[in-house]
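First comes the structure, then the notes that go with it.
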Amino acid sequence: MPKPKFYLTTPIYYVNARPHIGHTYTTIVADTIARYKRMRGFEVVLLTGTDEHGQKVEQSARAAGKGPQEFADEVAADYRQLWQTLGLDYDRFLRTTEPRHAKAVQTIFQAVEKAGYIHKGKYEGQYCVFDELYVTDATPEGNCPECGRPTQRVEEENYFFQLSVFQDKLLAHYEKHPEFIRPESRRNEVMSFVRGGLRDLSISRSRLRWGIPLPGREGHVFYVWFDALTSYMSGIGYGAEGAAAEEYRRLWPADLHLVGKEIVRFHAVYWPAFLMAAGLPLPKMIFAHGWWVFEQQKMSKSRGNIVRPQPIHQVLGTDALRYFLLREMVFGQDSNFSYDALLTRYNSDLANDYGNLASRTLTMIERYFNGVIPAPDASTDDLEHDKDIWIAANGAIDHFTRCFDNYMFSRGLDFVWHLINTVNRYLVVTHPWKLAKDESKRARLATVLWNAAESLRIVTALLSPVMPAATDRIWRQLGLAGSPKSVRLDDSRNKLDWGQLAPSTRIGKIEPVFPRLDKNQAIKKIQQLEAEEFAAQTAAAQPTARKGGSVAEVEQTRISIEDFAKVEMRVGEVKSAERVAGANKLLKLLVDIGSETRQIVAGIAETYSPEQLLGKKIVVVVNLQPRKLRGVESNGMLVAASVGAEGRPVLATFAEDVEVGARLK
Ligand code: MSP
């Protein structure tokens, strides 16, 4: 019998910024679901990718002094590199700048147009570049209601999609398929948005060059969301010919689009309407998860409250991060990210509970049975205690499966921890170390340790989609062949059941998988790595002078005088300077900028000593959003040249004495 298919997608990530914990979260959840569904017997295909067109990307590239394609190439490579470092697997990766994607976007457009849903019209109003969205309900100050950023006025002739005619069809679809939008709260939101009436949607842009051209419409490129959503189909062969389209025919419609809550409208309203118009089947489910907030706000580069995954990976390993993110957040709701909670969960759930269960069980098997799993002896069963773990183990398998089938990760993990805690308690009350001292209790000792080892096997198999690397290691330490990935959570022959652990198996080499860590030291280390990474990126992100760039390249990266005027630079004088504890590259300065004295943290400690800077007149960018570095607020930025291959910072100063506070123009 062929396996049933399960096609799932993450959103494709904008390349205007480098990945942070929020993006990593969506990918970790997708990777976990893919692994879980494979254990449930599905043939899984997971698609991810990068969203590379649009005004936002064009602007970010310009700010970095790069062409949009070069810029997109770098960030797309960053994403792939990060997923590889973190061991996140995907089956298909789609970049929207690939020719196969352009072809697919044009194909779906032609189908929609042929069906009569495209017309030419004029848009006059506000536009939010950050959300790539026309804003009809700007705040009184003219800001975007979604993200709060200022909008800009635009007037353009565009091609419109007749979204308005799909209102009833969409509502009927939501009614008929309650599982189409999850969780329920998002479904209600979307339904009331659609009931409020839908306006036709402009799907082309004439002001923009960085996009996919509309076929036969010179000067127009596709609206970035029309372009981006199609990636879910182009990445598996839609728009291709012959055999190349076979995968599309096999996999579409998608079984699950995993998205964050802020993009649910694009996925649950626009996307199904485009598909209906083109006469194509709709995805089966859109699941919108909540946000990781840090310091009470959604993480964003401009707020400077970003948590990066690499430093956590370096200190705790990816599995601990995966576990924390899935256990801590109730899937669908927002959750606060804190290093304290991360380390608490690491030490208590992983080191103390799971890690301890593994190490004490294996160590006793090593010590009392020479490293060979003993055979249980039914005549020594002690129902009062043994029954608890049989019940907990069967309950864990059933409840975990039920919860994960419904994307209730946190609750599913609770059931596994109930089993872990039950077995740890069992080892306390049955005290095998005492049994080992009495030769007549040897059979009972064998039963107790077999029960513990069998529970450990079940726990490890269930946790494998969440912590693939750590569970592989514990599996091998249990002496089991292959990997827990091959255990099946369906009705096949490999089905996970109590009682399958074969006695006489020789266990492997025992090594701690989650060593206990000093909480404060670990947090300090993570934050130090974070500050170093930030300093390195800031240096790398400085626009570099182009050597021998063509006139066209230079033209493309030029900005207007108005753009330049947005950056306010002033002469500042350094009043005090000190090193930031634990961060080799950072100095904390107090800088007089005329109107006030600012605290600024700068990554220049390897070039300048604090003493060298006292009284120095330097250039300060004063209107940047404040951000925190190693927990220290930085309110401004020093201007420095980035010199040599390693980007050594050299501060800009003045040839003659200048007044503090004077503006640079
Ligand atoms: N490019 C669009 C998606 C197009 S899909 C056809 C986009 N990209 S994004 O890079 O901005 O976001 C990608 C995903 O990361 C979204 O699902 C978003 O919700 C998620 N996250 C970004 N920041 C987040 C948090 N702070 N917390 C949790 N997830 C968030 O939108």
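For K176, the aspartates and glutamates whose Cα comes closer than 19 Å to its Cα, not counting residues fewer than 8 places off in the same chain, are D168, E184, E189, D255.
Once both labels are positioned 7 Å from their Cα atoms along Cα-to-Cβ, the gap between D414 and Q612 label points is 5.7 nm. Carbon and sulfur atoms: what percent of the 1.4 Å accessible area of the chain do they account for? Using a 1.4 Å probe with all protein chains present, the chain comes out at 50 percent carbon and sulfur.
Per residue, how big is the convex hull around the C-alpha atoms of the stretch 338-450? Give it to me in cubic angstrom, could you?
Given the Cα convex hull of the stretch 338-450, per-residue volume reads 114 Å³.
List the relative contact order of the stretch 560-664 as a percent without decimals, with contacts defined as Cα pairs under 8 Å and 6+ residues apart. The value is 30 percent. E241 contributes an accessible area of around 140 Å² to the protein surface, as traced by a 1.4 Å probe with all chains present. Of the trypsin sites (Lys or Arg not before Pro) found in the stretch 157-252, those that fall in a DSSP loop while having at most 11 other beta-carbon atoms within 10 Å are R199.
Between beta-carbons, use under 15 Å as the cut-off and find the net charge around S492, counting Lys and Arg +1, Asp and Glu -1. Here the charged neighbours net out to +4. So for the chain, what percent of the C-alpha to C-alpha distances run longer than 37 Å? The proportion of pairs with Cα distances above 37 Å equals 47 percent. For the pair Q152 and R516, a Förster radius of 45 Å applied to the C-beta separation gives a FRET efficiency near 0.25, rounded to the nearest 0.05. Remark: the stretch 423-538 projects, on average over all directions, an area of 11.2 nm² (convex hull of Cα atoms). Between H431 and E533, the C-beta separation translates, for a Förster distance of 56 Å, into a calculated FRET efficiency of about 0.70. Annotation note: GluC sites (Glu not before Pro) in the stretch 573-611 located in DSSP loop regions with a Cβ neighbour count of at most 12 within 10 Å are E596.
Which order do you get for S231, S486, S338 if you rank them by accessible area with a 1.4 Å probe, largest at the top?
S486, S338, S231
Provide the net charge surrounding R402, with neighbours chosen by a C-beta distance below 13 Å and charges set as Lys +1, Arg +1, Asp -1, Glu -1.
-1
What number in nm² do you get for the stretch 560-664 if you take the convex hull of its Cα atoms and divide its surface by four? If you wrap the Cα atoms of the stretch 560-664 in a convex hull and average its projections, you get 7.4 nm².
When every alpha-carbon pair in the stretch 53-160 is counted, what percent end up more than 25 Å apart? Roughly 46 percent, once rounded to a whole number. Per the Kirkwood formula applied to alpha carbons, the stretch 178-228 shows a radius of gyration over Rh ratio, Rg over Rh, of 1.19.
Among the cysteines of the chain, C147, C403 have no other cysteine beta carbon within less than 4.7 Å of their own. Gain on full extension, evaluated as 0.36 nm per residue between K122 and E179 minus their Cα-Cα distance, stands at 16.9 nm.
Computed on the chain, with alpha-carbon pairs under 8 angstrom and 6+ residues apart, the relative contact order is 12 percent. Annotation: amide H-H contacts under 5 Å for S576 (H modelled 1.01 Å from N, sequence separation of 5 or more, or interchain): L590. Computed with a 1.4 Å probe over protein heavy atoms only, the accessible surface of the chain comes to 43 Å² per residue.
Label separation (R195 vs F654): 6.4 nm, computed from points 7 Å beyond Cα along the C-beta direction.
For the stretch 338-486, relative contact order (Cα pairs under 8 Å, six or more residues apart, normalised by length) works out to 28 percent.
Our estimate of slack between E439 and A341, defined as 0.36 nm per intervening residue step minus the Cα-Cα distance, is 30.8 nm. In the complete set of protein chains, residue-level accessible area for Y123 is approximately 20 Å², probe 1.4 angstrom.
The values are calculated or read from the model by the stated rules, or taken from the named source; none is laboratory data. Being a predicted model, the structure only gives us computed values, none of them experimental. Every residue, glycine among them, receives a Cβ derived from its backbone with ideal geometry; neighbour counts consider all protein chains shown. Heads up: the accessible areas ignore ligands, DNA and RNA and are worked out on the full protein's heavy atoms, side chains in. Shrake-Rupley method; radii C 1.70, N 1.55, O 1.52, S 1.80 Å.
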